[in-house]
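> Shown below is the structure under consideration.
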Amino acid sequence: MNDDVSRNLVVFRIKGFAEPVLADAPTKADDAVEQAWASVRQQHKVRASAVSAVYSEWQPSAADQKFMAKQFRKAECTYSFARPAPDDWERAFAEARSVMAETHEARQQENAEELLPVLWSASSPRAGLLDTLPHQPLVPGRLSVALAVVARTPQGKIGMRHVTRHQHEEMGAPPLEKLFDIAYGALARGLKFEVRRSGKEVLVSVARDNLMAASALALPDLHAQLSRHLGAGDLLVGLTCPDEMFVAREGSGLADTIREQVLGSPYETTELVPSVLRLGPGGLELLAERGAGAGPHS
């Protein structure tokens, strides 16, 4: 990720090139992507038809989106940071610097233990263990969130120790709200929103370097964060496994694709059963689980 927020990093995947081709341009420029492409085309003598994907660190302007739709018709286009209003760049730059710093810190602490929220499905074969853990409901009777200490093992795998009621008491029984706030803060560090646009369709992928991205479902401000990219209204959320989250506007073509991916997920069920949910300003509704039918559950 580019450390200089005043320069917009643009990455092109080009057929015949083993590595992606990078270029940059002024972030505030309405033609930043067009400028970056002009530089790449001049240096490498390639045609736009050879471009299979374009990543712009900042959301392209309306002018750049028209340029990309014309030049890179079949390319997948993604970005990380939403483009602000013309008079709001300083706030946007400050937020971007904060995200970059948090991402860097998360990478530095990759092997450190973290207290994180963990999603639990009531239909999981392990759900009986939930009675021994302090937890909070997300969808009453269907989906809950508990706590665990998570770290990478020397072998690169994920080690997890669930926080039990007994351990909570041994800690002096601190307020659960405080523990969950700590876990949500740890989870949010390094959380990344990758936005893909194809015409009017928008897909947001939520990922995290230290995994457990699906637990972002429990974050109190998740709908507000996603609405920056997807607009207001109800969203369809797909959890294919504990480490992946995909979000689209409910009723869109991509929403159907997400549902299919979740219900066909090869993930081996542990605490979380692959799930499809509706996320709106008023909260969550579980719509379907893999192997659990497609009727809504409240």
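> Sticking with the crude label model, points 7 Å out along Cα→Cβ, report the distance from LYS178 to ALA101 in nm, one decimal please.
For LYS178 paired with ALA101, the spin-label model returns 2.5 nm.
> Rounded to the nearest 0.05, what FRET efficiency do ALA29 and ARG228 give with R0 = 30 Å and r taken as the Cβ-Cβ distance? Could you check? List each step's numbers first, then the result.
Details: r = 21 Å, r/R0 = 0.71.
Approximately 0.90, to the nearest 0.05.
> Quick check on the chain: helices-only [θ] at 222 nm, where DSSP H runs of length 4 and up contribute -39,500 (n - 2.57) each and the sum goes over total residues. Nearest 500, please.
After summing the helix terms and dividing by residue count, I get -8500 deg cm²/dmol.
> Report the net charge of residues surrounding VAL195, where surrounding means a beta-carbon distance below 12 angstrom and charges are Lys +1, Arg +1, Asp -1, Glu -1.
Once positives and negatives cancel, what remains is +1.
> Now, a different point. Once you list every other residue whose beta carbon is under 15 Å from the beta carbon of GLY283, what net charge do they have if Lys and Arg are +1 and Asp and Glu are -1?
Charge balance near GLY283 sits at -2.
> Given a 1.4 Å probe and every protein chain left where it sits, what share in percent of the accessible area of the chain is carbon and sulfur?
Carbon and sulfur atoms account for 50 percent of the accessible area of the chain.
> At a Cα cut-off below 16 Å, give the aspartates and glutamates reachable from LYS200, other chains included and same-chain residues fewer than 8 away excluded.
ASP64, GLU76, GLU250, ASP256
> Per residue, how many Å² of accessible area does the range 132-247 show with a 1.4 Å probe?
Working: 5180 Å² over 116 residues.
Solvent-accessible surface per residue comes out at 45 Å².
> Taking only protein heavy atoms and a 1.4 Å probe, what accessible area per residue, in Å², does the range 40-130 have with all protein chains in place?
The answer is 57 Å² per residue.
> Express the relative contact order of the chain as a whole percentage, based on alpha carbon pairs under 8 Å and six or more residues apart in sequence.
Computed over the chain, the figure is 13 percent.
> So how strong a dipole does the chain carry about its Cα centre when Lys and Arg Cβ are +1 and Asp and Glu Cβ are -1, to the nearest 20 debye?
1080 debye
> Given an 8 Å cut-off on Cα distances and at least 6 residues of separation, report the relative contact order of the range 217-298 as a percent.
Values: 128 pairs, mean separation 20.9, N = 82.
Answer for the range 217-298 is 25 percent.
> Averaging sequence separations of C-alpha pairs under 8 Å and six or more residues apart, then dividing by the length of the range 1-147, give the relative contact order as a whole percent. All intermediate terms of the calculation are to be shown ahead of the outcome.
Working: 198 pairs, mean separation 25.3, N = 147.
Normalised by residue count, the contact order of the range 1-147 is 17 percent.
The values are calculated or read from the model by the stated rules, or taken from the named source; none is laboratory data. In this text, all values refer to a predicted model and were calculated from it rather than measured experimentally. Don't worry about glycine lacking a Cβ; one is built from the backbone with ideal geometry, like all the others, and counts go over all protein chains shown. Note: areas computed on protein heavy atoms with side chains; ligands, DNA, RNA excluded. Shrake-Rupley method; radii C 1.70, N 1.55, O 1.52, S 1.80 Å.
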